[in-house]
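The structure appears below as structure tokens.
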Amino acid sequence: MSSTTFRTFARSFGSKMYLCQIKIWKESYKPWLIYFSERLWDNTSEILPLSLDILVNNSIYINEKPVRTHLVNVYACLTVSMIAAAIGAYVHLFTNFLSAGLFTTLGATGLLLALMYTQDNGKNRSLRISYLVGFTFFTGLGIGPVLEYVIHVDPSIIPTAFLASTLVFTSFSLSAIFAERGKWLYLGGTLMSLLSVLMCLSLANLFLGSDLIFKSYLYLGLALMSGFVLYDTQLIMEKRRAGDKDFIAHSVDLFVDFIGIFRRLLIILAQKEQGSKKRKD
């Protein structure tokens, strides 16, 4: 149902309800209620279309078919990427074919570089999608050790973390899509600075081994990845408006954001479960 149709329906339905109320109240000889209902309806009829107009005006992409089509392609590639990553994690956990290690790290890095340095010309998309699937497959393999640790603690954490990651990702994506144009792009500098801080914390903790630093890294990283969902989603929309149609490369940004959220939630929930078990013992 379009917004115009919805507003028309709402006004029509509200008008009928209003007339029924007027008839009942007239029969009950309560003119002061008639006055009150008239004032209430006048305010409602002004507020309802106003709120809908605000939603439509802020969601500029609704009237931009190229941006809508581009986002559909981006999320389709993201779905394929998630399936490939799930297969990679399955291969690590339940087969002896491949497992996470230096080879998978080099493989993921090489395929990502191949994807980024192979420019989209409209004819090589099958090749570039194969690079994307390979990269995400090796990324899934790389998550395998974390999944093994979580399964050892409590297997139910995995679906919980995945659903929570999906909820966070979807919420922030919708916030970016329905926000005013460019509203979250200012976060770019701040997010990059925080990313540098997190990298420094990670390197420092290799030598310090501090539990406090590790927890700070997890929670700050979770907030950072959530912020990147806002930023990357709006950046993708702006790139499309500028003529960049490379939806395959754009999906990589969102895939990395989702995996970052999922990985951190896995560890956070597993640590909480371990702490709960220790307190019970």
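The values are calculated or read from the model by the stated rules, or taken from the named source; none is laboratory data. Worth saying up front: this structure is predicted, and the values here are computed from it rather than measured. Cβ placement follows ideal geometry from the backbone for every residue including glycine, while neighbour counts extend to all protein chains displayed. Areas reflect the complete protein model, heavy atoms only, side chains present, ligands, DNA and RNA absent. Shrake-Rupley method; radii C 1.70, N 1.55, O 1.52, S 1.80 Å.
Tabulated results
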| item | result |
| --- | --- |
| Residue, nearest to Ser99 (Cα to Cα), within segment 135-174, restricted to residues that are small (Gly, Ala, Ser) and surrounded by fewer than 16 Cβ atoms within 10 Å (Cβ to Cβ) | Ser156 |
| Matching option when the condition is touching a His at 6+ places or on another chain (Cβ under 8 Å), at pLDDT below 95 and assigned to a helix (DSSP H, G or I), among Leu141, Leu106 | Leu141 |
| Segment 152-185: number of residues that are of a type outside the set (A, V, I, L, M) and not in a helix (DSSP H, G or I) | 9 |
| Residue that is touching a helix residue (DSSP H, G or I) at 6+ places or on another chain (Cβ under 9 Å) and more than 30 Å from Arg241 (Cα to Cα), where the choices are Gly142, Gly182, Gly188, Gly134 | Gly142 |
| Residue list for segment 253-281, filter: part of a helix (DSSP H, G or I), open to solvent by 50 Å² or more (accessible area, probe 1.4 Å) and farther than 19 Å from Val74 by Cα | Arg263, Leu269, Gln271, Lys272, Glu273, Gln274, Lys277, Lys278, Arg279, Lys280 |
| Residue among Leu132, Leu98, Leu115, Leu111 that is assigned to a loop (DSSP other than H, G, I, E, B) and surrounded by 16 or more Cβ atoms within 10 Å (Cβ to Cβ) | Leu98 |
| Where His250 falls short, out of the listed (1) open to solvent by less than 10 Å² (accessible area, probe 1.4 Å); (2) assigned to a loop (DSSP other than H, G, I, E, B) | (2) |
| Among the candidates Lys245, Lys272, Lys278, residue that is touching a helix residue (DSSP H, G or I) at 6+ places or on another chain (Cβ under 8 Å) and either touching a residue at least 12 places away in the same chain (Cβ under 8 Å) or farther than 18 Å from Ser81 by Cβ (or both) | Lys245 |
